[in-house]
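The values are calculated or read from the model by the stated rules, or taken from the named source; none is laboratory data. This structure is a prediction, so every number in the text was calculated from the model and none was measured. Neighbour counts are summed over all protein chains in view; Cβ atoms, including those assigned to glycine, are modelled from backbone coordinates with ideal geometry. These accessible areas exclude ligands, DNA and RNA; they are computed on the full protein's heavy atoms, side chains included. Shrake-Rupley method; radii C 1.70, N 1.55, O 1.52, S 1.80 Å.
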Amino acid sequence: MARKPPPPLWRPPTDRPARILIVRLSALGDVIHALPAVVALRQALPDARIDWVVEDRAAPIVRGRSEVDRAIVFPRRELQGLLKRPVALTSRAGAFQRELREGDYDVSIDLQGNLKSGVVMRLSGARVRVGTDRRDSREASHLFAHKHVRPPDGIHHRVERNLAIVSQVLGRPLAWVDPGLPEVPGAAERAAY
């Protein structure tokens, strides 16, 4: 007898398009590895608003993608530069939080699973915050989530893990979709050097 899939961790609203926040701030390769999950999420919820919080170095990968309505840049370097100026740091962090809260998110999904991404997810004010459980989180990021997921045992590649997380959020399996990467003019010539 086939096992019944677990219930979804979150259900999209029925009276309007869902507002979803993806939190995957860095590193460049891991942001690329999150793309298939976001493409599959867009296919599953074509009318949803999907925003993504990302650090400035990886923002060009997220900006301009048809699956992402808005790339929100986490000002990591700017905040680090303000560490010795607490008033300015508080002001800039508050401005970032207000920008996040403008999204009025139904759900935020932490695909990074560390303290920094957990704090960003918490600052978003999303009604439901989904992160990995204590065994899979780092730096106690699970404390910032309302609901927890655990990718199935045996899944090690980041692409598969991200798909498993988003699948558990929706309560249905999502298939890998080639996200494609944009061609950068002149990149082939620079790589040939």
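When you count, for each residue, the other Cβ atoms within 10 Å and take the mean per peptide, how do 49-56, 142-149, 173-180, 97-104 rank with the highest first?
Working: 49-56: 21.8, 142-149: 18.2, 173-180: 13.4, 97-104: 15.4.
Top of the packing list down: 49-56, 142-149, 97-104, 173-180.
What number, in percent, do you get for the relative contact order of the stretch 39-193 if the mean sequence gap of Cα pairs under 8 Å and at least 6 apart is divided by its residue count?
Averaging sequence separation for qualifying contacts and normalising by length gives 16 percent for the stretch 39-193.
Where does each of LYS84, LYS116 land when they are ordered by accessible area, with a 1.4 Å probe and the largest first? Don't skip to the answer; put the middle values down first.
On the way: LYS84 195, LYS116 65 Å².
My answer, sorted largest first, is LYS84, LYS116.
Within the set of other residues whose C-beta is less than 13 Å from the C-beta of LEU83, count the net charge using Lys and Arg as +1 and Asp and Glu as -1. Please list the in-between numbers first.
Working: positive: ARG76, ARG77, LYS84, ARG85, ARG92; negative: GLU78.
That works out to +4.
With every protein chain left in place, what is the accessible area of ARG127 in Å² (1.4 Å probe, nearest 10)?
Rounded to the nearest 10, the figure is 120 Å².
Where in the chain are the DSSP H helices whose C-alpha atoms run 20 Å or more along the long axis and whose mean Kyte hydropathy is at least -0.5?
Length and hydropathy pass: 28-44, 86-101.
Can you give the Rg and Dmax of the stretch 52-159 based on its C-alpha atoms, in angstrom?
In Å, with Rg to one decimal and Dmax whole: 14.7, 47.
Sorted by accessible area (1.4 Å probe), largest first, how do THR132, THR14 line up?
Descending accessible area places them as THR14, THR132.
With a 1.4 Å probe and all protein chains kept in place, how much accessible area does ARG24 have, in Å² rounded to the nearest 10?
Roll a 1.4 Å probe over it and ARG24 shows about 10 Å².
Provide the per residue accessible area, probe 1.4 Å, for the chain, rounded to a whole number of square angstrom.
It amounts to 55 Å² per residue over the chain.
Net charge around ARG19, counting only other residues with Cβ within less than 15 Å of its Cβ (Lys, Arg = +1; Asp, Glu = -1)?
Local net charge: -1.
What net charge is computed for the residues neighbouring LYS147, neighbours being all others with C-beta under 14 Å from the C-beta of LYS147, Lys and Arg scored +1, Asp and Glu -1?
Combined, the nearby Lys, Arg, Asp and Glu give +2.
For the chain, which whole percent of the accessible surface, found with a 1.4 angstrom probe, sits on carbon and sulfur atoms?
That fraction is 55 percent.
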